[in-house]
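Okay, so here's the structure we're looking at.
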Amino acid sequence: MSLEQELFQRSGSKCELCGATEDPQIYEVPESPTKGTESAILVCNTCKEQLEDPEKIEANHWRCLNDSMWSTVPAVQVVAWRMLNRLKNEGWPQDLLDMMYMEEDVKEWAKATEVADPAAKSIVHRDSNGVILEAGDSVVLIKDLKVKGSSMVAKQGTAVRRISLDHENAEYIEGRVDGQQIVIITQYVKKL
């Protein structure tokens, strides 16, 4: 049986990520430790285009990962984990990542692209103590902060949960304080 036939049989002739049935095709998962059906999945044109070109990613399309991340196929788990990490700043992908379970060897495979793509990690956000901040972390304000453009003052000791990172400036994060989304300078926060 050929690779294509095995993938079509495994997936039921549909995209293993979103379930679309039109024109599924083979996608070789990068940095795979093995070859054959273990290192490839069947995907639709939409998924393949967005996997290969980050500029074309439509976050709402990837809500399908809510189901496909539970696949028993390691290659599907790896692609789901990588895409959820790309979309972390949307908020909802962090919830899915928190729930997702992967065997250690599969998780190492999923993380392999981080090493292969150093540009993805070029901006590092650090709190006032130098601790690295990641999207979805919780922080506490260490100083009263006036919020520009409003009369609001974010008080010292306020916890800000589920922060998102500014991918262009390592000194800025965003979070919700008193129901309002604000930009916070990292030197005024401490990771919880």
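The values are calculated or read from the model by the stated rules, or taken from the named source; none is laboratory data. None of these values were measured; they are calculated from a predicted model. Glycine gets a Cβ as well: all are built from the backbone with ideal geometry, and neighbour counts include every protein chain shown. Each accessible area value is taken on the protein alone, full model and side chains, heavy atoms only, with ligands, DNA and RNA left out. Shrake-Rupley method; radii C 1.70, N 1.55, O 1.52, S 1.80 Å.
Out of all the residues in segment 165-175, is one or more of a type in the set (F, W, Y) and part of a strand (DSSP E or B)?
In the first step, residues of segment 165-175 are kept if they are of a type in the set (F, W, Y); the result is 172.
This time we only want the ones that are part of a strand (DSSP E or B), so: 172.
Yes, segment 165-175 has at least one match.
What number of residues in segment 63-82 are in contact with a helix residue (DSSP H, G or I) (Cβ under 8 Å, 6 or more places away or on another chain) and either open to solvent by 30 Å² or more (accessible area, probe 1.4 Å) or in contact (Cβ under 8 Å) with a residue 40 or more places away in the chain (or both)? Total satisfying the criteria: 13.
Considering every residue within segment 88-109, establish whether at least one is at pLDDT below 90, at positive phi and more than 13 Å from the chain's Cα centre (by Cα). Within segment 88-109, none of the residues are at pLDDT below 90, at positive phi and more than 13 Å from the chain's Cα centre (by Cα). Would you mind finding the one in I123, I182 that is of a type outside the set (F, W, Y) and in a strand (DSSP E or B)? After applying the criteria, what remains is I182.
Within segment 74-87, the set of residues being at pLDDT 90 or above and not hydrophobic (A, V, I, L, M, F, W, C) comprises P74, Q77, R82. Set side by side, the residues E31, E49, E55, E6 differ, and just one is out of contact with any Leu (no Cβ under 7 Å at 6 or more places or on another chain), over 23 Å from L96 (Cβ atoms) and either without any contact (Cβ under 8 Å) to a residue 40 or more places away in the chain or part of a loop (DSSP other than H, G, I, E, B) (or both), which is E6. Checked against (1) of a type in the set (S, T, N, Q); (2) under 30 Å from D166 (Cβ atoms); (3) modelled with pLDDT under 90, S2 passes all but condition (2).
You will find that of D127, D144, D98, D166, the residue that is touching a residue at least 12 places away in the same chain (Cβ under 8 Å) and open to solvent by less than 30 Å² (accessible area, probe 1.4 Å) is D127 and no other. For C15, the conditions (1) within 28 Å of E174 (Cβ to Cβ); (2) open to solvent by less than 50 Å² (accessible area, probe 1.4 Å); (3) in contact with a Ser or Thr (Cβ under 8 Å, 6 or more places away or on another chain) are fulfilled apart from (1).
When you scan segment 147-155, do you find a residue that is touching a residue at least 40 places away in the same chain (Cβ under 8 Å), open to solvent by less than 70 Å² (accessible area, probe 1.4 Å), of a type in the set (S, T, N, Q) and part of a loop (DSSP other than H, G, I, E, B), even just one?
No, segment 147-155 contains no residue that is touching a residue at least 40 places away in the same chain (Cβ under 8 Å), open to solvent by less than 70 Å² (accessible area, probe 1.4 Å), of a type in the set (S, T, N, Q) and part of a loop (DSSP other than H, G, I, E, B).
Residue by residue, here is whether (1) more than 30 Å from S71 (Cα to Cα); (2) among the small types (G, A, S) holds:
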position: Q94; (1), (2): no, no
position: D98; (1), (2): no, no
position: N129; (1), (2): yes, no
position: E134; (1), (2): no, no
position: G149; (1), (2): yes, yes
position: V153; (1), (2): yes, no
position: R162; (1), (2): no, no
position: K191; (1), (2): yes, no
